[in-house]
Each structure stands twice: as structure tokens, then as C-alpha cells.
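Right, one structure below, let's go through it.
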Amino acid sequence: MPPSPLEEDIFPSTPGKIKIERTHHYTMNRSFHRCFTSTTTMFLWALLLIALTASYLSIQSFVDTGTRFLHHPIPRDHVIIGGPHWEKKIRASAQVHRVHGLSVLVTGAAGFVGSHVALALKKRGDGVVGLDNFNDYYDPSLKHARRALLDGHNIFVVEGDINDKRILVKLFDVVPFTHVMHLAAQAGVRYAIENPHSYVHSNIAGLVKLLEQCKSADPQPAVVWASSSSVYGLNDKAPFSESDRTDRPASLYAATKKAGEAITHSYNHIYGLAITGLRFFTVYGPWGRPDMAYFSFTQNIRKGKRITIYRGKNGVDLARDFTYIDDIVKGCVAALDTSGKSTGSGGKKKGAAPYRIYNLGNTQPVTVPTMVSILEKYLKKKAKKHVVTMLGNGDVPFTHANISLARRELGYNPTTDLPTGLRKFVKWYESYYVEDHGKPVKY
Ligand SMILES: NC(=O)c1ccc[n+]([C@@H]2O[C@H](COP(=O)([O-])OP(=O)(O)OC[C@H]3O[C@@H](n4cnc5c(N)ncnc54)[C@H](O)[C@@H]3O)[C@@H](O)[C@H]2O)c1
Ligand SMILES: *[C@@H]1O[C@H](CO)[C@@H](O)[C@H](O)[C@H]1NC(C)=O
């Protein structure tokens, strides 16, 4: 239907908005013409239209804030939640298949660590439901491939944002989760320079939304979540112990993780939520994250492309306490098993609940050039190295975990060294990507 001239006259200067509202106002035109008898009536109608438009715009901007900081926000009407079919899938996924099994909501389940943890829990008979917004911080096809893998093990991953209260309420309506394994986050250190708001959106606002849901749930779940070794920031006392200072973050990412530790503490204190924060140290392995150095180095060495190796100020090599994914998964599962119980209900605390923080590292830092030489060996190809001195982009010079607390209290015991872990990574990489095409071959 062509727009009536009248409509154009009413909204001459806001073409974008007219598009959205066109049908709405067009249906009003008939009654508009009927009542159009005097200038007074027209004036009143104009006032009404302005009021309607204003309220529509304010609702729109409110709705938008939830997804604004995503790269490609999921169109709201594509998130089909609720309904008997959806609920049936959620229930089947959350089905517990062992005595005293857990019922776990895994956020970030299409992510690297989340997909591995979800599988490990499911394999031992726990109920698992995933939640992930599939954002395109890195190639979403890898996230969809991980989802397909989980799907094959009867784990349902809901596509949605942790900021979406509707979804959280609905999930807890259907399943009385005993635990939340919170791994959804904006990861990566350098990307904060480009998109700082994505860190606030997921790591701060999203965390609070999730904790709000957990505190009001009845029963309240215990929460285990991923902090990061990056909270140690400019700390140079090695190894890093949980009691070391964490008040000098070197990146916005680190600052949001540190904020997460403070925020979870307040929910523990006020509402009696059982909280465990895990400070992961550079996790790597099959199904890993393409934005991480070991992964992009593998891609580029294979293609014969130059790799950039950062070095510290005085020509000192950067070193990382690389931790293999299977070791991290064992730490996560042990944290869930020992989490203790939340004490509150209906938003009220009934007693003190545990608040714990653990390092999950490997305690064997390896320099980046050594990591590269291990990759060269497995890829049977020399890297074209471009070494540059770090310009304070958020990376810290080295990380080294003291894991004695996790050993003692979680029975955490990492067993995979970097050469062994990278061998497994390269094997996965070569089976997943077609040579030279960079496209996935199989799930
Ligand atoms: N991999 C590491 O080396 C490492 C180190 C320290 C801490 N961590 C932390 O561990 C957790 C898991 O990291 P990972 O390496 O698996 O990263 P990842 O990016 O592969 O996984 C995170 C997942 O969360 C999802 N997500 C992000 N924001 C979301 C939101 N607002 N709503 C719903 N889903 C959202 C993403 O789509 C992604 O699939 C993160 O909290 C990360 O900060 C990881
Ligand atoms: C490691 O941490 C423990 C506390 O968990 C502490 O007692 C010990 O001294 C630390 N070790 C080192 C070498 O810093």
C-alpha cells in the first residue's frame, strides 16, 4: 500500500521511524478521517499520535539495551522460548541419570570451556542445560559445531543472552537447577580496546542478571563461575597465590573479572548464594578459541603466514601457565561437587554460605617462543616470526599459578604438559579444518 500524503505530512523528518510505524499508523487512518471534523479534534489527534510515538520510542530504547553491545544481536523474535516442545527439550536435557546427580545450567555452553564441561557432566549422568548467545566475537560456526556435538549427547543449548530475564525465569521455571556453571563472558584481553562495552554487557550486567535470577530461585542453586588469572594484573610475585593482591588490573577484561569477584561476594553475603570463583590460567586444547595465540599461530604457520610474537619491555619473552582443557574440566567438576549449598530462599539469606576462590593453572609456565617451537614440530613447518615489543595492550608479562589450595580442597591435579596438550590440539585442528580452506569438515 502506498503511504498516504497525510502520513508523510505528520512525520516529515523521521524517515527511519516511519518505516517501522507505517502499518500501525495506516490502520488508524480510517478512524482518523471519520473523526476529522474540526481543527480541535485534529489537534487532539495529533497530540495523541505524538504521545504514542514517544512511548513507543522509549519502549524501543529500553528493549534495545539488552542486545545493543552484541556484534550481531539475535533478532528478538528468533529466540523462540517457552511452549510445550521447548519445555520438553529442556526437561529431557536436564534429566539426571545417576543417584545424587546434579542438575546444572551451563552458561557459555557453546564456548570452548563450556562445551567440554557440559559433556563431562552429561557423561557421568548429571542433567545439563546450556545457554549461549552465539555472538560473533569469533567464528560462530565453531560455536554451532560445538552445539551439534552437545546435541549428539542429548544436551540442549538454548540460544539466548544471560541478560534476557525472560529466558532465565523460564529456564528456572522448568528446571530446579541445583548448580549454575557460569562460563558465558566476553573473553580476550586486547578486544576491549575495540569494543569495551561488550565486556560490561556480558561480564558485569549479564553476571548481575544471572545472580538476580539465582538469588530469587527456590531452591537457590550453588554458583561456580570463571574468573581469570588476569586479576593478578601487575602482580610480579610468583607463583600467584589466591591471597595475593588483585587490585591492579592491566586490562578492562581483568577489571570486569575482578568486579565479578566483588559482585559475587556481595550476593554471597546478602542472599546466601554459595559461590566458587575459578581463576583459569590460559586454557587450551581441542575445540579451543581461535582468538588465542596457540590457535591463530597454528592457522598461520600452516598457511605460511607470518605470526606476530609479543615480547616484554626489556626483550623478555612472555610466558604463560598453559593449562590443558581436560585438567580445567576436572577442576570445574570438582568445584561443583564441593560447592556446598546456598542457604537462602525467596531472596532471603538463612545463614552463611561458602564463598571460595581457586587458581586453576598448570604451575609450569612456558614462554611463547617455546610454545611456537612445539607447534612447528607438530605442524612440520617453520613459523615466519615477527617479534614486536609489547606496547601495553593489556597482556601481562607472565602468569604462574600456585595451585596448592585447589589441590588440597578440590583434589585438583593437572597432568597434561604443554607438548602433550598441543599434540592433541593439532590433531583435532587437522581433523576439523580442511587443508587450506579453513572450513570445518566435520562436527
Ligand atoms: N580460555 C581461557 O584461557 C580462559 C582464561 C581465563 C578465564 N576464562 C573464562 O572462562 C570462561 C569460558 O571461556 P572460553 O575460553 O570458553 O570462552 P568462549 O568465548 O569460547 O566461551 C564463552 C561463551 O559465552 C558466550 N557468551 C558470551 N557472552 C554471552 C552472553 N551475554 N549471553 C550468553 N552467552 C554469552 C559466547 O557466545 C561463548 O560461546 C569465560 O568466562 C572466560 O572469561 C577463560
Ligand atoms: C601457595 O599458596 C598457599 C596457600 O594456599 C601458601 O600457603 C603457600 O605459601 C603458597 N606457596 C608459594 C610458593 O607461594
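FYI, it's all coordinate maths here, none of it is from the lab. Here the structure is a predicted model, which is why all the values come from computation and not from measurement. Methodologically, a virtual Cβ is constructed for each residue, glycine included, from the backbone with ideal geometry; neighbour enumeration extends over all protein chains shown.
Panel order for Asp417, Asp236, by other beta carbons found within 10 Å of each beta carbon, from fewest to most: Asp236, Asp417. An ellipsoid equivalent to the stretch 82-143, defined through the eigenvalues of its Cα gyration tensor, has semi-axes of 22, 16, 7 Å when rounded to whole angstrom and sorted largest first. Three semi-axes describe the equivalent ellipsoid of the stretch 251-388; taken as square roots of 5 times the Cα gyration tensor eigenvalues and ordered largest first, they are 40, 16, 12 Å.
Label separation (Ser431 vs Ser216): 4.5 nm, computed from points 7 Å beyond Cα along the C-beta direction. Cross-linked pairs Lys258/Lys382; Lys237/Lys258; Lys237/Lys384: Cα-Cα separations exceed 28 Å for Lys258/Lys382; Lys237/Lys384.
Among the trypsin sites (Lys or Arg not before Pro) in the stretch 378-438, those placed in a DSSP loop whose Cβ has at most 11 other Cβ atoms within 10 Å are Lys380, Lys382. Ordering Met181, Met371 by the number of other Cβ atoms within 10 Å of each residue's own Cβ, fewest first, gives Met371, Met181. Principal axis extents of the C-alpha atoms in the stretch 128-261 (largest first, rounded to whole Å): 46, 35, 26. For Phe240, nonlocal amide neighbours, meaning residues 5 or more places apart or on other chains whose placed amide H falls under 5 Å from its own, are His400, Ala401, Asn402. Cβ crowding within 10 Å, taken as a proxy for footprinting-reagent exposure, orders Ile193, Ile81 from fewest neighbours to most as Ile193, Ile81.
Cα convex hull, the stretch 239-284: 104 Å³ per residue, rounded to a whole number.
Between Asn393 and Asp139, the FRET efficiency from the beta-carbon distance, with R0 = 30 Å, is close to 0.85. The phi-based Karplus calculation (6.51 cos²θ - 1.76 cosθ + 1.60; θ = phi - 60°) puts the 3J(HN,Hα) values of the stretch 148-159 at 4, 4, 5, 4, x, 10, 6, 10, 8, 10, 6, 8 Hz, whole numbers, x for Gly and Pro.
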